[in-house]
Amino acid sequence: MDWAGLPPKLLEAILGKLIESTDHLRFRCVCRSWRRSGKSHPVPTSSIPWLHLPQDLTSTVLKFYSLSENRIYEIPFPEVYYSHVIGSASGFFLVVGYRWNAKVLIINPFTGTRAHLPYNHRLSTDPVWDYSGSVIVAGLGKGFGDFGGVAYCRPGYFHLLEYEASEVCIVDGETLQKIRIIRPPNFDSQFSLFVVSPDDIMLSNDYRFNNDYTWWISVFFTPNSLLEKPSWSKFTDIGNYALFCGGKLYILSEASRESGLRNTLVKYKPRVRNMPTPSCYIYAHSFE
Amino acid sequence: MITLISSDKRKFHVLEEVANQSLTIRDVIEDRRGRRRADRIILVTNINSKIPEKVIVYWLRHFLMPEEIAHASMSHKKAEKLKKWEAKFFDTDIDTLNDLILAADSLDIPSLFDGACEKVSDILKNRSAEEVGEISKIENEFTHEEEEEEIPSENAWVWRNEFA
């Protein structure tokens with residue numbers, strides 16, 4: 001019985017059953033013909049997410065815990081020295097230098113890919129969760145303030161969202177050239193924030209009145225597209241949807257009348273500055 | 001009745017309805033319909049006699065509940081039973097699995113192919129390349145240089161770490 005001589009088609013059928021990326025990588029190391037088949041087959045994303053374990057600043061490895069395999073993997077990656085590792089998607093991590101170490105790069109520890117982003121602003125280090133699985137997200141602030149902007153990436157190109165919502169810069173993921181700048185509609189943007197989804201760029205402009213706890217919110221949208229000209233439109237009605245704004249991303253979710261969230265913006269602000277313990281605000285604004 | 005002849009000249013008589021689970025055989029029968037009896041003999045040259053036995057056992061088990069499998073309307077209990085049976089069926093040495101995969105591929109029996117591949121992948125899971133090499137008797141053919149250079153830089157971390 002010749003396992004090494006199994007036709008590529010059949011090897012690939014077996015590979016297709018291996019759902020852990022680590023199993024794939026090990027498969028490639030058995031022999032040459034397995035290696036060829038392995039390389040022509042995309043490495044899967046593990047079905048159960050890996051946990052990225054906390055690490056100290058001087059560490060030069062990325063540590064992961066694989067739930068399904070119940071083991072810890074340490075992937076050497078010298079670039080993470082004195083850096084924060086923020087947000088991940090599709091195997092990519094955004095690494096942001098700490099203090100004097102002003103660098104922003106995108107790494108994929110599983111393939112060894114690394115790329116520097118053309119950005120040397122200081123970034124805030126709020127971890128940001130990615131809902132869509134196709135974008136990289138990170139807080140991006142100029143100097144102070146953790147409600148700066150946001151940098152996010154999806155396959156092909158990156159978006160860099162400026163602090164104070166003054167512009168969105170789109171950068172080609174391969175050449176790292178700026179290919180487009182999108183500016184917000186003309187209005188006082190002092191309390192504005194860019195929030196993104198894979199389809200749209202949202203600009204929310206909100207005030208909180210100090211004495212009573214009421215909010216004034218206006219929301220603008222433009223399609224998140226390279227082809228179309230930005231056409232900001234003010235949002236007054238989302239009908240049977242609820243808009244959830246968490247960190248730097250948003251999701252639109254269908255909400256029935258009964259749930260009470262219909263036509264509502266739910267906003268989640270992860271951290272309040274100068275608070276000893278992590279805390280957050282959650283507030284809702286109805287368009288009706 | 002269909003007659004299958006293995007590479008070591010053993011004959012297997014199978015009901016046409018049973019053998020129909022192989023799409024290859026079904027097509028052959030379809031092509032030769034209405035001809036003489038001799039045409040109902042099918043040579044399976046690339047397979048030794050141990051494998052047709054297993055394949056026929058598999059066919060018979062599945063033949064007993066074809067409709068239910070097709071429509072996934074099997075009762076929970078029956079499904080459990082079939083699952084247990086399949087687990088036992090595929091619990092065999094890796095060489096037989098190799099043959100089963102080849103046979104299922106050439107005879108075009110999707111569920112058998114799938115099951116055998118699944119079983120092989122279970123065996124490969126969580127094993128280092130060395131272990132896999134030992135099980136499958138694949139010689140480590142990478143040269144010293146390749147092992148030193150290319151492979152470690154790509155994914156040495158995959159097995160360098162101990163189980164938690």
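Among B:124-132, A:222-230, A:23-31, how do they line up by average Cβ neighbours within 10 Å per residue, starting with the highest?
A:23-31, B:124-132, A:222-230
Per-residue Cβ counts within 10 Å, from other chains only, averaged over A:9-20: what number is that? Each step should come with its number before you reach the end.
Values: counts 1, 9, 3, 1, 10, 10, 3, 4, 10, 6, 2, 3.
The mean count of partner-chain Cβ atoms within 10 Å per residue comes to 5.
With 10 angstrom as the radius, rank A:TRP34, B:TRP85, A:TRP3, A:TRP232 by how many other C-beta atoms surround their C-beta, starting from the fewest.
With the fewest neighbours first, A:TRP34, B:TRP85, A:TRP3, A:TRP232 line up as B:TRP85, A:TRP232, A:TRP3, A:TRP34.
Let's test the formula: R0 of 25 Å, r as the Cβ-Cβ distance of B:LYS83 and B:ARG32. What FRET efficiency results, to the nearest 0.05?
0.10
Between their Cα atoms, which of B:LYS9/B:LYS83; B:LYS9/B:LYS50; A:LYS9/A:LYS39; A:LYS178/A:LYS267; B:LYS11/B:LYS88; B:LYS11/B:LYS78 are more than 21 Å away from each other?
Working: B:LYS9/B:LYS83 33 Å; B:LYS9/B:LYS50 12 Å; A:LYS9/A:LYS39 13 Å; A:LYS178/A:LYS267 31 Å; B:LYS11/B:LYS88 26 Å; B:LYS11/B:LYS78 32 Å.
Table pairs above 21 Å Cα-Cα are B:LYS9/B:LYS83; A:LYS178/A:LYS267; B:LYS11/B:LYS88; B:LYS11/B:LYS78.
Can you compute the modelled spin-label distance between B:GLU130 and B:GLU17, with each label point 7 Å from Cα toward Cβ, in nm?
Label-label distance for B:GLU130 and B:GLU17, simple model: 5.5 nm.
Report Rg(Cα)/(2.2 N^0.38 Å) for region A:1-44, keeping two decimals.
Working: Rg = 9.3 Å, N = 44, 2.2 N^0.38 = 9.3 Å.
In units of the globular-protein estimate, region A:1-44 measures up at 1.01.
Bear in mind that the values in this text are calculations on the coordinates, not laboratory data. All figures in this text were calculated on a predicted structure; none of them were measured in a lab. For neighbour counting, all protein chains shown are included, and Cβ atoms are generated from backbone atoms with ideal geometry for every residue, glycine included.
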